[in-house]
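Reviewing the structure listed below.
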Amino acid sequence: MQDLTVITNSALSQWIDEVQALCEPDQVHVCDGSDAEYERLCSTLVAAGTFIRLNEDKRPNSFLCRSDPGDVARLEHRTFVCTADRDDAGPTNYWADPASMRAELARLFKGSMRGRTMYVIPFSMGEPGSELAMIGVQITDSAYVAVSMKLMAHIGLPVLRALGASEFVRCLHSVGAPLAPGDRDVPWPCNAEHKYIVSFQDDGSIASFGSGYGGNALLGKKCLALRTASLKGRKEGWLAEHMLIMGVEDPAGKTTYVAAAFPSACGKTNFAMLLPPEDFDGWKVKTVGDDIAWIRPDADGTLLAINPETGFFGVAPGTNDKTNPNMIAAISRDTIFTNCALTPDGDVWWEGLTEEPPPALVDWRGLDWTPEASRPAAHPNARFTVSRARCPSMDPAADPAGVPISAFVFGGRLSHTFPLVFEARDWREGVYWAATLGSEATAAAENQAATRRDPFAMLPFCGYNMADYFAHWLSMGDRLVNAPAIFRVNWFRRDEGGAFLWPGFRQNMRVLKWIVQRTENTGGGQAAPIGLVPRYDDIDWRGLDYDGQTFEALMKVDPTELAQELQGHDAWLQSFGQRLPAELSVTRQALLDALAPAQN
Ligand code: GTP
Ligand code: SPV
Ligand code: MN
């Protein structure tokens, strides 16, 4: 048993005692956050069969981990926002009564850590000690979570020092797989029967049971930095968003910061690390974050954004030297891979890493695999966890107090109707287009319908009533002196044969350049019913053979299709009932009215 005297915060000591009494672990370990501790825990995971150490020459200090096949993604239908009044969670969240949920969880957590070590992980989202940071303490019985948290957040003694005697967010996690004496452990313990990911919005605490994967288990990420922080932000006048942050440097050396929200597995990481096409001399993209942004207005009414995370938990399939060379460089060492395939020489592989698959692999479930197999070698939601310090495109100048945001970009995976890019006419229309964002299914979450609304890419992450969230965004616009411009993009439009009309990835720089120029009023463009759109000549085509006709198909907004889309928004908006801000219905009607002449 580790000496717990490093804990001087009495509320924390007391909570640790309570959890220990409830969960009955064999041992308690307070994470100091050191490199030596990380190495020790990784070795423990190797010995337990959870980690496979990868070939030291090919992938130094890296590990492969295979999850239980029933525990491979976020579980939205097991994610609950608990508020006294159901309406405070709103129609887009799964709700549960806080008292009954506490009772249910107390039953499940009772003895749930028997035979295991209980890790106490003090962590800070944002720089420890900074006014912008939020400190949490995650208690977990998963060593995989402990090592992942080391990469994804500031953890350990520096956080305890920054915490002092203050308040912290209680984050309780158990994989829900106690061991009886003599039981043999499995590589990925979890609970097949009961899974819960819960935000108690009455006292701000978080509890997660039964899953060890990603956002279900790394509680600083989606639970604290989005569900908990979004509610805090609403009360305090700031925003916690599912957004990447990037700095775009032009050839004159001026950097414009852009924040972009795309739903899960729709390209935030790729866009955040974009390498401009070769012909774009002097243009540079500098990464600040790839998943979460905390955004506050400063005294002058400028929005400042920070990335509260210190690492990436990125989608593996599709990542390669062409789609994301910066990430390929980042994960060349010191990386934890989950649910990727294993090569015979001890390296990892996934669909899309190379054009040709290797002739023989061990797949994500540990089974022999050849290219003839009809199943993927890596799970579609296979991911890597790596520190941002490894990423060559990180912005060295990113101010820890936040970077000034000049543009917001929203985009879903939409095969039709929506053009490559358009700019909303004003903040209110921008909020409208974000509130009605739709996207087609991906592998990042289970039980997801084919196409769904994903407002602001926040559907699974907003910790309160989404209608109130829309109102919060609308009111934010009123408070800003120079509100950022708002854009919608769509990299995923397809032609009649089903092929993507836009090459995407590096080529998205051409769209980004137009966006940056629009923020300086130099971008050009023309008015259309949907908003402001670039003409063919407004886009920089240097080095890409992309003809005007294809561009026309890519940018086409069919008035009848758009009217149908807007008609379809009615039911969506009405689903929020009385709490929906009237501005959104008014905006919808104005957009429809503007279309009427074009339809005749
Ligand atoms: P989360 O980590 O789940 O929040 O997602 P993310 O938005 O960071 O997702 P990520 O960047 O990992 O998205 C990966 C998926 O988007 C892969 O399927 C990519 O192939 C696809 N993708 C990214 N950029 C583009 C693009 O420009 N064009 C096309 N067609 N696909 C893209
Ligand atoms: C997402 O699903 O949006 C992710 C991955 O970023 S997870 O952390 O698992 O939620
Ligand atoms: Mn995400």
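Details
- Inter-part distance, region 354-390 to region 509-534, computed on C-alpha centroids, equals 39 Å.
- Note on residue 254: lysines with a C-alpha under 19 Å away, same-chain residues under 8 apart excluded, are 284, 286, 513.
- Degrees separating the helix 508-519 axis from the principal Cα axis of the chain, which is the longest one: 70 degrees
- The Cα atoms of region 400-513 give a gyration tensor whose axes a ≥ b ≥ c have a/c of 1.5 or more with a/b no greater than b/c, which makes the shape oblate.
- Å² per residue, accessible surface of region 311-390 at 1.4 Å: 40 Å²
- Carbon/sulfur fraction of accessible area - region 311-390, other protein chains in place, 1.4 Å, %: 54 percent
- Per-pair calculated FRET efficiency, R0 = 35 Å: residue 329 and residue 48 via Cβ, rounded to 0.05: 0.70
- DSSP beta bridges in the chain [antiparallel fraction, %, rounded to 5]: 65 percent
- Cα centroid of region 23-72 to Cα centroid of region 318-345, whole Å: 18 Å
- Distance in nm between pseudo-label sites at residue 527 and residue 575 (7 Å out along the Cβ direction from Cα): 3.4 nm
- FRET efficiency, residue 345 to residue 596 (Cβ-Cβ, R0 60 Å, nearest 0.05): 0.40
- On Cα atoms only, tilt of 35-47 relative to the major axis of the chain in degrees: 80 degrees
- Taking all protein chains into account, the per residue accessible area for region 33-157 stands at 37 Å² (1.4 Å probe).
- Rounded accessible area of residue 110 (nearest 10 Å², 1.4 Å probe): 100 Å²
- Karplus-based coupling profile of region 14-20, in residue order and whole Hz: 5, 5, 4, 4, 4, 5, 4, with θ = phi - 60° in 6.51 cos²θ - 1.76 cosθ + 1.60 and x standing for Gly or Pro.
The values are calculated or read from the model by the stated rules, or taken from the named source; none is laboratory data. Because the structure is predicted, anything quoted here is derived from the model rather than measured. With ideal geometry, Cβ positions are generated from the backbone for all residues, glycine too; neighbour counts draw on all protein chains shown. Heavy atoms of the whole protein, side chains included, go into the accessibility calculation; ligands, DNA and RNA do not. Shrake-Rupley method; radii C 1.70, N 1.55, O 1.52, S 1.80 Å.
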